[in-house]
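Reading through the structure tokens given below for one structure.
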Amino acid sequence: MNAASLPNSVSAIESAALRSDRFRLEREADWQRLEAIVTRMEKGQLRRLSDEDLLALPGLYRTVASSLSIARETSLDAATLAYLEVLVQRAWFVVYGPRTSLWDWLRGFLGGGWSAAVRAIWIDLTVALAVMVAGVAVGWLLVAHDVNWYHALVGGDMAGSRVPGATPQALRGTLFGDSNQPGMSVFAAQLFSNNAQVSILAFALGFAFGLPSLMLLVQNMASLGAMLWLYSGAGLLVDFAGWLAVHGTTELFAILLAGGAGLHIGRALAFPGNRPILQAASEAGRRSALVMTGVVLMLIVAALLEGFARQMVDQTFGRFVIGGFMLSLWCAYFFAFRGNLGKVRAA
Amino acid sequence: MRRSPRSRDRVLTTPEGISVPVTVGSRGSRLGALLLDLTFISLLIGLSTMALILMAGGVAAFEHQIGQKNALGHALQFLVIVWIVIMFLFRNAYFLFFELGPRGATPGKRISGIRIAARDGGRLTAEMVIARNLLRDVELFLPIIFIVQAGADSGMGWLAAAGWFAIFLLFPLFNRDALRAGDVIAGTWVVERPRRKLEAALSVSRERTPEPGAGHHAEAPARRGYRFEEAELAVYGEYELQALERVLRDDRAQSLESVYQTIAHKIGRTDGWNDERAFLEDYYTQLRARLEAGMRMGRRKADKFSGTP
């Protein structure tokens, strides 16, 4: 309140007939100041706000919120009440809006938020891992039992020259000797885009109580199992594992996380425990969203490894080294690294 | 599914314990917002694709050169990567980017006058926005993938897609708050953005009528005014008071006239003839003073039918 308008407003307050009008006139200046700040923030003009205004915002918000609760009990001026309700609502949106900048959020995310979220869904990860292993075994056993399953499990585009009855030389050719192939960077970008959509799918399908997520995992892993059987028949099991390990340790890990995140949501919906179901779902959803953001990052890494590292390292031992290194890196990051979570929580 | 507009009003409790009324966004405005956003996205995709093709020097030359292992081939490969990344971002980051902003709304939502908010009254966090938008992809685009994969003439494909639509796209129709699956997962909801038209409400008409001069403070209450007896004020309650407030604010001679007639008839006064506005203003002020005094003592009178406080 500035000095110039003081005498004027004092006389207005004195002359106001009703106690509720005096109440309003005494506080009007605060309300209007808050409204001006909120309007500017809504327009996205944060930079043009002065520091005092920004500092005053939380205090003003509480003042106006308490004005509203007093006015509700003492005033019958419908216009003032409606004005205050809208103002409190707008200020609430601003005060409790998404406040963290993308950069701060990312720092908290990488510095502990992500790995904590992964650890928090460990039960689901265990289940998803078991399902994936089972899927591989099922794929292998089915194809070993009847070769025709191979075509059902491994789609035509994906199989290419990797079909039952192919010579070991032909199969070997699919594993080695790509190092001079052009267009690998494009291939990597495509792989990433495709894998990211698949894992988002695995996550989102968790909404149907997690069952479709598990089915998707089984289906993908079964085709892997079928291919393992094929290469093992040609005596190339170790080479195939190496070829896969370069990016596969990262990619399969990411798919495991996505499936686990989907399962986590499905489990919260099916068994919410003591919490209301909507609350359980949203808690699980937020945790899973963190995991999923990380999955997209992991898939970028996997695509880079697949598009470049696998072509450049053309021998099995080197591939195992890269794949093993990535696997231990992820495991250490997720399960050993505690990060600065304490600081992030406190902030 | 038609309901009265009132049924979309909710009360939300902020962390300070203040209850704030909000209005859940209507399903129609949400559909409109979605269609607008999809239009914007496809426009952006179309424009950026065209720009990239232009940079590559046309499609025909592009297909010829892409496989070449020279500088041009590498440049074209780079353009393809840029294209793939842009497509991915448009599909997934468009909603994220805008909903994380201070307005909590994509351009389509902003035009439709709605925004997202946390359902529990707390802070809207980045995780919530991410979760609700990850699911959007599946809700919207999966049926299309079903049909493409199964072939357009496959009955099963259409059946699966129809089932999907029935579950997810119609999901908001089957719950009170019009939540879609992504909102359930994220703990968010879509509410109407508060309108700003009430800004002018502070200039209350009542204030300008007395307009006490500099030296007339003492005389101000003694101006020619209407005094109403306790019995004359006791006939009306808060509901009538607010109706009267609306009439005074609208300030239309015709409705002032008829409201004056009603009140004057009810309390048996005739002295406000040709001075309806002043009469009604005084009646309003004194009625409000009486009702507010009752309120302070914990006695409220909702309308003319409820008992005298």
Go through segment B:252-272 and give me each residue that's in contact with a helix residue (DSSP H, G or I) (Cβ under 7 Å, 6 or more places away or on another chain) and more than 12 Å from B:D282 (Cβ to Cβ). B:S255, B:L256, B:E257, B:V259, B:I267, B:T270
Regarding A:L299, is this residue within 17 Å of the chain's Cα centre (by Cα), within 21 Å of A:D124 (Cβ to Cβ), assigned by TED's automatic domain parsing to the domain that holds A:I200 and at pLDDT 85 or above? no
Residue ID - modelled with the lowest pLDDT, chosen from residues in segment B:180-205 that are in a helix (DSSP H, G or I) and at the interface with chain A (Cβ under 8 Å from one of its Cβ atoms): B:L202
Among the numbered conditions (1) farther than 19 Å from B:I130 by Cβ; (2) of a type in the set (G, A, S); (3) in a helix (DSSP H, G or I), tell me where A:G235 comes up short. (3)
Odd one out for B:G163, checked against (1) more than 10 Å from chain A (Cβ to nearest Cβ); (2) modelled with pLDDT of 80 or more: (2)
Return the residues of segment B:119-128 that are facing chain A (nearest Cβ under 7 Å), within 19 Å of A:E42 (Cα to Cα) and of a type outside the set (S, T, N, Q); say none if nothing qualifies. B:G122, B:R123, B:L124, B:A126
Give me the pairs, please: first residue somewhere in segment B:65-90 and facing another protein chain (nearest Cβ under 9 Å), second residue anywhere and modelled with pLDDT of 70 or more and loosely packed, with under 14 Cβ neighbours inside 10 Å, beta-carbon distance under 7 Å, and either six or more positions apart or on two chains. B:W83/B:T49
Looking only at segment A:256-314, and only at residues there that are more than 13 Å from chain B (Cβ to nearest Cβ) and in a loop (DSSP other than H, G, I, E, B), the one that is nearest to A:G135 (Cα to Cα): A:F271
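Would you check if there is a residue in segment B:172-179 being at pLDDT 85 or above and touching a helix residue (DSSP H, G or I) at 6+ places or on another chain (Cβ under 9 Å)? If you could, list the steps in order and put the result at the bottom.
Start the filter on segment B:172-179 by keeping residues that are at pLDDT 85 or above, which leaves B:179.
Then drop every residue that is not touching a helix residue (DSSP H, G or I) at 6+ places or on another chain (Cβ under 9 Å), which leaves B:179.
Within segment B:172-179, one or more residues are at pLDDT 85 or above and touching a helix residue (DSSP H, G or I) at 6+ places or on another chain (Cβ under 9 Å).
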Candidates A:W122, A:W92, A:W105, filtered to the one that is facing chain B (nearest Cβ under 7 Å) and closer than 30 Å to A:A202 by Cβ: A:W105
Taking segment A:28-70 on its own, how many of its residues are within 11 Å of chain B (Cβ to nearest Cβ), farther than 16 Å from B:T14 by Cβ, out of contact with any Gly (no Cβ under 9 Å at 6 or more places or on another chain) and surrounded by 15 or more Cβ atoms within 10 Å (Cβ to Cβ)? 5
Please go through (1) part of a helix (DSSP H, G or I); (2) buried (at least 20 other Cβ atoms within 10 Å of the Cβ); (3) facing another protein chain (nearest Cβ under 7 Å) for A:D21 and return the number of the only condition it doesn't satisfy. (3)
Cβ-Cβ below 6 Å, separation at least six or inter-chain, first residue in segment B:259-277 and in a loop (DSSP other than H, G, I, E, B), second modelled with pLDDT of 80 or more: which pairs? B:G272/B:F279
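If only one of A:G266, A:G260 is at pLDDT 85 or above, crowded, with 21+ Cβ neighbours inside 10 Å and out of contact with any Asp or Glu (no Cβ under 6 Å at 6 or more places or on another chain), which one is it?
Working: A:G260 fails: out of contact with any Asp or Glu (no Cβ under 6 Å at 6 or more places or on another chain).
After applying the criteria, what remains is A:G266.
The values are calculated or read from the model by the stated rules, or taken from the named source; none is laboratory data. What you see is a predicted model; the values in this text were computed from it and never measured. Cβ sites come from the backbone with ideal geometry, for glycine too, and all protein chains shown count toward neighbours.
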